[in-house]
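Down below is the structure, laid out as structure tokens.
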Amino acid sequence: MKSVFSYMLVVILYLLVDSNAQSATEMTFEGEKHLKNIKMLTNGGENAEAYLSFDQKKLILQAKIDGLECDQIFTMNIDGTDKKMVSTGKGRTTCSYFMPGDNKIIYASTHLSGDKCPPNPDFSKGYVWKLYDEFEIFIADANGENIVQVTDNDSYDAEATVSPKGDKIVFTSLRDGDPELYLMDIDGSNQERITFEKGYDGGAFFSQDGSKLVYRASRPVSEKELQDYDELVKERLVRPGILEIHVMDIATKKVTKVTNFGKASFAPFMHPSGNKIIFCSNVNSKDPRNFDLYLINSDGTGLEQITFNETFDGFPMFTADGKHLVFASNRFNKERGDTNVFIAEWVD
């Protein structure tokens, strides 16, 4: 009897282990050789743009869950536990990041202009992003208290990220009539414009050594493109159908165009080595709404597709040691349209 029980226990344990292995395997698609042991950290609603704390133990993200009408800012442990709202719960928020020491956070919000969500963009002009004038940038304690306003321009100020060196913040602003990149000191002072070409510049991240920025940009060229761009910007709209990845050397302000696909490529993040960039794009997709993650050398060579999900994978961020990748995806969601945050071991 004892031997039969022992045999059954071994079988049950084997099935449990096999089941766990299978569930981890089911999070990947064929061809995703760089991703291992993928774990879903959220489960339901719209969760995106999850970025690591300086100590790599927490994530900060924007989410529309639990009946929220538009995105609010949340923090959670890197295993997905202890998820809690740290923004005001009013207005619309976006683009959050931890500050050095992880005792404070930075994010953009419209809450000073009203408790309700500002209206969604008018898609009669096609798929466009809205650059709300009501967005200003705020710094607060990590629990959301003691909010301090950092920008005050009556124009779009958002998309702030922080240098790993802890000395600078980069953000996008419409204060000069065109969406450009700006730098400021870690306390919000000395705000300085650093891009000057016509077109949208945004979604910037620092390299790990703080010497470079990688970002997305549109560069309208033809008369028709320029007219369309100008008309949309006047209405605080941007058409993101063609975005290319660029790199800037901060000291010299020299800009290198990394991609030239004529597609929508965005959410770039540098590998800790500084030699490669991971980003989101529809470059190989017949469906313009199907975005995957790609890896490319900083000089624009060696493009490699990383994910093969037929819906959306985006907003990637490497851990500081390059051993894990955090990203957002529609894969294996409970409800159509749900976006969740995932973490995976990175296999070089």
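Please report the relative contact order for the chain, taking Cα pairs under 8 Å with a sequence separation of at least 6, and give it as a percent rounded to a whole number. It comes to 15 percent, rounded to a whole number.
Between helix 223-234 and the chain there is an angle of about 90 degrees, using the helix long axis and the longest principal axis of the Cα atoms.
Lys/Arg Cβ at +1, Asp/Glu Cβ at -1, dipole of the chain taken about the Cα centre: which of 202, 52, 344 is farthest positive-ward? Projecting each Cα onto the dipole axis, the largest value belongs to 344. From the alpha carbon centroid of the stretch 123-200 to that of the stretch 29-47 is 30 Å.
With charges only on Cβ, +1 for K and R and -1 for D and E, what is the dipole size of the chain about its Cα centre, in debye, rounded to 20?
Roughly 720 debye, rounded to the nearest 20.
Phi-derived couplings, Karplus 6.51 cos²θ - 1.76 cosθ + 1.60 at θ = phi - 60°, listed residue by residue for the stretch 67-78: x, 5, 7, 8, 4, 10, 9, 10, 10, 7, 5, 5 Hz, with x used for Gly and Pro. Please determine, in degrees from 0 to 90 and to the nearest 10, the orientation of helix 2-25 with respect to the longest principal axis defined by the Cα atoms of the chain, where the helix direction is its Cα long axis. With both axes taken from Cα atoms, the answer is about 20 degrees.
Counting only Cα atoms, the stretch 221-348 measures 46, 43, 25 Å along its principal axes, largest extent leading. When you count the other C-beta atoms within 10 angstrom of each residue and take the mean per peptide, 288-297, 274-283, 91-100 line up highest first as 91-100, 274-283, 288-297.
Calculate for the chain the 222 nm mean residue ellipticity that helices alone would give, adding -39,500 (n - 2.57) per DSSP H run of length 4 or more and normalising by residue count, nearest 500 deg cm²/dmol.
-3500 deg cm²/dmol, from helical runs alone.
Given their separation in residues at 0.36 nm each and the Cα-Cα distance between them, residue 125 and residue 198 gain 24.2 nm when the chain is fully extended.
Of the GluC sites (Glu not before Pro) found in the stretch 85-157, those in coil by DSSP whose Cβ has at most 10 other Cβ atoms within 10 Å are 145. For the residue pair residue 190 and residue 223, what label-to-label distance in nm results when each label sits 7 Å from Cα along the Cα-to-beta-carbon direction? A separation of 4.5 nm, rounded to one decimal place. For the set 58/334; 57/165; 212/323; 84/253, the pairs lying more than 27 angstrom apart at their alpha carbons are 84/253. The calculated FRET efficiency for the pair residue 152 and residue 286, based on their C-beta separation and a Förster distance of 56 Å, comes to about 0.80.
Just need log10 I(q)/I(0) for the stretch 50-99 at q = 0.26, 0.27, 0.28, 0.32 Å⁻¹, Debye formula, equal scatterers on the alpha-carbon atoms, no solvent, rounded to two decimals. Result of the Debye calculation: -0.96, -1.01, -1.07, -1.26.
Computing Rg and the Kirkwood Rh from the Cα coordinates of the chain gives a ratio, Rg/Rh, of 1.00.
FYI, it's all coordinate maths here, none of it is from the lab. If you're wondering where the values come from, they're calculated on a predicted model, not measured in any experiment. Glycine also receives a Cβ, built like all others from the backbone with ideal geometry; neighbour counts cover every protein chain displayed.
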